[in-house]
Structure formats: structure tokens, C-alpha cells
Amino acid sequence: MERFKFENTRHEFIKVGKFLLSESPVKFQFDDGLVWDLNLELSLFHDEFRSVGESVYVITVDDTPVYVGLYAATLGMGLLTFGDHLHHDQELRITWALENGKRVELCLGRDIFAELEGRMINISGSIQQDIIENEMLPWSPKEPSPELEGVKTMAELDRLLA
């Protein structure tokens, strides 16, 4: 499996699949009634990758990282909507890249756990934020989203628990 490390953050990722334009689009209906044709597929290099649990992922275009994201549950439940078909917030950019002959691939985080008091904790969200803030990927936001302004941690609110 092909791997890469980010220059600044040193997080390591492994390529697990490639995006393709679907030969047989499927229709996806949202709760509000909107119908969307799913024109993208994700072809995994090994079907076992579907069962990889919550992880941070990176989308690359011609081996250049362009987007970092996060999914919950498993890869199969988190990104693949119908079989191999995909609905993603970067769908238009991925489609444009594929239509222009680019190679678009999916990579999963290699080391997404940290030890805390003898337990292994998934830190995918922290890795995603670290990459957003320090790697400047063209499809990812450069700054924390505005809705996070003023967000506090529970540790900062310890005074309320007294």
C-alpha cells in the first residue's frame, strides 16, 4: 500500500481507494424530498477497508492532498451511501477533477489512536483539525469554522462544577 506523510504535521496516511465516475448513477432522496443523482463511486483497493472504524481521511488529486475529512462508524457506513456510490460535500470538485483526467484517491489515517491513562483513544478529530490548521489544503477550510467561535472545553468551565 502506498503511504505518505504530511510535511508539517507528520501525520501518515495510506491510500485505500480511488474515485470513479459512475457508469450507473443511482438516485438518492434526502429527508426533505430533494433527489440527487449519485455519479461518484469509490473503488476500494481491498473490500476489507469498508469495515475500518471511525477515522480521519484525506482526498488526493494526482498524489497531492487537497481535502481532509472525518467519518464516524465505519468507512462503508460513513462515506459509501449505496454500495460503492458516494455522496460527499466535495462531490462537484471530485467530479470536475475526474472529468479533467485527474487521479483522485482516498487515504486513511495510519495512527489515529493515543494512549490516555492506559486506554487507547481515537483522536481522528484532533488530527483533522491539526491538518486543517497547518497544511493549508485547497479544498479544506483554512480557519476553524465560525460556529466554533466562543466554544469552550469542559475543563474551562470547571468553576461551574464547584
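The values are calculated or read from the model by the stated rules, or taken from the named source; none is laboratory data. As the structure is a prediction and not an experimental result, all values here were calculated from the model. Cβ coordinates were reconstructed from backbone atoms using ideal geometry, including for glycine residues, and neighbour counts include every protein chain displayed.
Under the condition of being among the hydroxyl-bearing types (Ser, Thr, Tyr) and touching a helix residue (DSSP H, G or I) at 6+ places or on another chain (Cβ under 9 Å), which residue from segment 55-71 is farthest from Glu99 (Cα to Cα)? Top of the filtered list is Ser55.
The residues of segment 9-63 that are out of contact with any Leu (no Cβ under 7 Å at 6 or more places or on another chain), hydrophobic (A, V, I, L, M, F, W, C) and part of a loop (DSSP other than H, G, I, E, B), listed by number, are Phe30, Leu34, Phe45. Only one entry of Val52, Val68 meets the criterion of being farther than 20 Å from Ser140 by Cα, of a type in the set (A, V, I, L, M, F, W, C) and touching a Ser or Thr at 6+ places or on another chain (Cβ under 8 Å), and that entry is Val52. In segment 1-49, which residues are at pLDDT 90 or above and small (Gly, Ala, Ser)? Result: Gly17, Ser43. For segment 98-113, filtering for residues that are among the aliphatic types (A, V, I, L, M) and more than 9 Å from Lys15 (Cα to Cα) leaves 3. Among the conditions (1) surrounded by 13 or more Cβ atoms within 10 Å (Cβ to Cβ); (2) without any contact (Cβ under 8 Å) to a residue 24 or more places away in the chain; (3) in contact with a Gly (Cβ under 7 Å, 6 or more places away or on another chain); (4) farther than 21 Å from Ser22 by Cβ, the only one that Tyr71 does not satisfy is (4). Check segment 63-84 and report whether any residue there is aliphatic (A, V, I, L, M) and over 17 Å from the mean Cα position of the chain (by Cα). No, segment 63-84 contains no residue that is aliphatic (A, V, I, L, M) and over 17 Å from the mean Cα position of the chain (by Cα).
The residues listed here are Ser24, Ser51, Ser55, Ser43; of these, the one that is free of Cβ contacts under 8 Å to residues at least 12 places away in the same chain and of a type in the set (Gly, Ala, Ser) is Ser24. When Ser51 is tested against (1) surrounded by 12 or more Cβ atoms within 10 Å (Cβ to Cβ); (2) more than 17 Å from Glu2 (Cβ to Cβ); (3) among the polar types (S, T, N, Q), only condition (1) is not met. Note on segment 91-122: residues that are in a loop (DSSP other than H, G, I, E, B) and either modelled with pLDDT under 90 or surrounded by fewer than 17 Cβ atoms within 10 Å (Cβ to Cβ) (or both) amount to 8.
Exactly one residue out of Ser140, Ser145 is touching a strand residue (DSSP E or B) at 6+ places or on another chain (Cβ under 6 Å) and modelled with pLDDT under 95: that is Ser140.
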